[in-house]
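Enquirer: Got a structure for you, questions after.
Coordinate-derived values only; no laboratory data. Because the structure is predicted, anything quoted here is derived from the model rather than measured. Here the Cβ positions follow ideal geometry from the backbone for every residue, glycine too, while neighbour counts run over all protein chains shown.
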């Protein structure tokens, strides 16, 4: 027991236990205030601990949701190890039952350049040009969807460094060096799968660095090629198809099919609604949400006669979180088509106590009638009500879920289309096999189409495309074309789009035109009469005076002017009418030389007048021609939800940059296509997004912000407690000083009293 020295020292004073009295006084004052602050500290600590449990439950739910992302009502399988399929786009995937026979797998071309004694051998100096294309016909046909790449080879480059440079090009080719076992090394190049990904390598040597020409297959492909690049060949439901890769994404909408090996028998790929798996996945979600709800309900319980209230009963942030979780399970999910999806549609209902339950019978019936409704739970998706529109999202954040009206006028390339042509094995001769085109106003040189027996119309189209795109004038101007055979006709299309995009066939050899049928000849079969004079009324088309009736040809025709003898080149003929789109159109045609015909470059659907510049010197026949049809490129625009979109013309993509749909992209494959565009945010993503914000955001109202504020308040209360202790230490010192002074006074008084007592006693004795 501590010794009360102060009281011991003051034995001659009051005799009271001064320290004890002071401590009692201080405690009486301090204890209520200290208890009040400590209670606040205890409440804060309890709340922080309770919110920690809530955070943990939120994290558990988030992890559970991650495992459910991408789940769908469909289950896909194959009865053969030779082929597999996966669902990659639930918004497009439908039930599937198809037979597939794999005749051949796609392979990449393998080239070998041998004869090196070491990987450090110098390979020469100069440049290599790598092109991707097709060697299957024996000659190289470039793939103009992929640009060529050039590689500079220095005089110090070795076989190993050349390998590394080729790999660094990222051109769809892998280079390796293989030791052949006879002390020599071979550079092996392997291209990506598909016959159109084969390589043509053209070497150009520097005068000071010979040897590079050995790495060249521009003219000697057969001696360098070890394995030819070929396409995969498959038979799907009786239809023979080819694909450039063994990973096929465009066979069935929403699926990726992987070809693993060839088959001797038919393999089946099936995809059907898997109710059992869907039930398990949805029940997992329901259970996970319920687990979180139990924690939230316990922590925010208001209390009753039998149970104490929860630690967070009065916490506005956690109560707000609880309400938001409840709202997420009851709010309709929009953007999954014209009709919103509710959890209740899938058999999930909220009981009176807030717990979610799953009615498996309701789920089963819903999946039978609308299997895609489950996607609203597990898969956010972009979609459209038109198959010609492909929708995707922005890179930063998704748009607001919902339905958006899309309206557009497409960007279109100018084109020139020939008449019907159906020679399936066109043979091009070595004469009359030239063509000259005008691309977007740039006139090419005379282009020679290689003479060959082509295996198909498509092969000839590719050869013509290659030849045109190799023209130096067009290359310098940055102009390209695509040539294709479809719907029974050949067409040449400008590589650009918009109103300045155009194609004109300026001249064409008879051999080429026998297939392309683009030049035609003037048709004078009573389509016009000879005339002289300036009056357009002197001219008739189809035997009818132009002044009294508009000439109409729904297929479109070009106007021809033929001279019966005189030189009419000093005269011009102004044609007024409309183009194929119904737009007003005027063309001035310079007259022909003697005994010649000129054909206008523009295609008219209607003609209202043809007026010569002056009286002609001879007989002229004005008619129409059965030549190919020109179409002018169209410049388009698009809106989404009434908001103007920006255009990526080269990729046929419109993007909206503002509003609720900001970042949404629409790619079109139809002309002037319009429709509804959807973005649906899945319930999983809604939960995940909200949980992430609640846990990680520092904004006011978040869980993290609430914990920060509680810790701040806790610190403040601890500081108050410390300040209180300091304050009452000062109070104790003051009380001790006061009692010390009192003791000194009492001692003094006692001393005086003793003096007086002794004085009186002495006086009494004297008496």
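Enquirer: When you count, for each residue, the other Cβ atoms within 10 Å and take the mean per peptide, how do 558-570, 729-741 rank with the highest first?
Expert: 558-570, 729-741
Enquirer: To continue, here is another question. What are the radius of gyration and Dmax of segment 29-133, computed over its Cα atoms and given in Å?
Expert: Rg, Dmax (Cα atoms, Å): 33.8, 101.
Enquirer: Could you give me the radius of gyration and the Dmax of segment 178-310, taking only the C-alpha atoms into account and expressing both in angstrom?
Expert: For segment 178-310, the Cα-based Rg and Dmax read 31.0, 101 Å.
Enquirer: While we're on this one: So what's the convex hull volume per residue for the Cα atoms of segment 278-351, in Å³?
Expert: Dividing the Cα hull volume of segment 278-351 by its residues yields 108 Å³.
Enquirer: On to the next question. Express the C-alpha Rg of segment 112-241 as a ratio against the empirical globular expectation 2.2 N^0.38 Å, rounded to two decimals.
Expert: Against the compact-globule rule of thumb, the ratio is 1.14.
Enquirer: Compute the acute angle (0 to 90°) between the alpha-carbon long axis of helix 316-328 and the principal axis of greatest extent of the alpha-carbon atoms of the chain; round to the nearest 10°.
Expert: Tilt relative to the chain: about 30 degrees.
Enquirer: In Å and from the alpha-carbon atoms only, list the Rg and Dmax of segment 338-422.
Expert: Here Rg and the maximum Cα pair distance are 21.2, 74 Å.
Enquirer: Per residue and in cubic angstrom, what volume does the convex hull of the Cα atoms of the chain have?
Expert: 368 Å³
Enquirer: Grab the Cα-Cα distance for residue 725 and residue 420, subtract it from 0.36 nm times how many residues apart they are, and report the gain in nm with one decimal.
Expert: 99.6 nm
Enquirer: Continuing with this model, one more query. Separation between the residue 147 and residue 695 pseudo-spin-labels, each 7 Å from Cα along Cα→Cβ, expressed in nm?
Expert: 4.5 nm
Enquirer: Would you mind putting 494-507, 187-200, 205-218 in packing order, based on average other-beta-carbon counts within 10 Å, highest first?
Expert: The peptides rank, most packed first, as 187-200, 494-507, 205-218.
Enquirer: Just to verify a number: FRET efficiency for residue 89 and residue 264, C-beta to C-beta distance, R0 = 51 Å, to 0.05?
Expert: Details: r = 32 Å, r/R0 = 0.62.
After rounding, the FRET efficiency stands at 0.95.
Enquirer: Measure out, as a whole number of angstrom, how far apart the alpha-carbon centroids of segment 460-487 and segment 392-452 sit.
Expert: A separation of 9 Å, based on Cα centres.
Enquirer: Another one. When you count, for each residue, the other Cβ atoms within 10 Å and take the mean per peptide, how do 415-425, 282-292, 457-467 rank with the highest first?
Expert: Order by mean packing, descending: 457-467, 282-292, 415-425.
Enquirer: Two decimals is fine: what's Rg over Rh for segment 415-516, C-alpha atoms, Kirkwood radius as Rh?
Expert: Rounded to two decimals, Rg over Rh is 0.94.
Enquirer: Here's a follow-up. Give the angle, between 0 and 90 degrees and rounded to the nearest 10, that separates the Cα long axis of helix 703-766 from the longest principal axis of the Cα atoms of the chain.
Expert: Computed tilt is about 10 degrees.
Enquirer: Compute the relative contact order of segment 411-496 as a whole-number percentage, counting only Cα pairs closer than 8 Å that sit 6 or more residues apart in sequence.
Expert: Value for segment 411-496: 37 percent.
Enquirer: Please state the relative contact order of the chain as a whole percent: Cα pairs under 8 Å, 6+ residues apart? Before the final figure, lay out each step's value.
Expert: Details: 1651 pairs, mean separation 115.3, N = 767.
Relative CO of the chain lands at 15 percent.
Enquirer: How far is helix 360-369 tilted off the main Cα axis of the chain, in degrees rounded to 10, range 0 to 90?
Expert: 20 degrees
Enquirer: While we're looking at this one, here's another question. If I stretch the segment between residue 118 and residue 744 completely, what's the gain in nm (0.36 nm per residue apart, minus their alpha carbon distance), one decimal?
Expert: 214.5 nm
Enquirer: Please report, in cubic angstrom per residue, the volume enclosed by the convex hull of the alpha-carbon atoms of segment 160-200.
Expert: 77 Å³
Enquirer: At 0.36 nm per residue, minus the direct Cα-Cα distance, what do residue 388 and residue 429 gain on full extension? Give it in nm, one decimal, please. Before the final figure, lay out the partial values.
Expert: Working: separation 41, 0.36 × 41 = 14.76 nm, distance 4.03 nm.
Separation in residues times 0.36 nm, less the Cα-Cα distance, equals 10.7 nm.
Enquirer: Would you mind getting me the FRET efficiency between residue 59 and residue 327? Use the beta-carbon distance for r and R0 = 22 Å, nearest 0.05.
Expert: Working: r = 21 Å, r/R0 = 0.94.
Given R0 = 22 Å and the Cβ-Cβ separation, E is 0.60.
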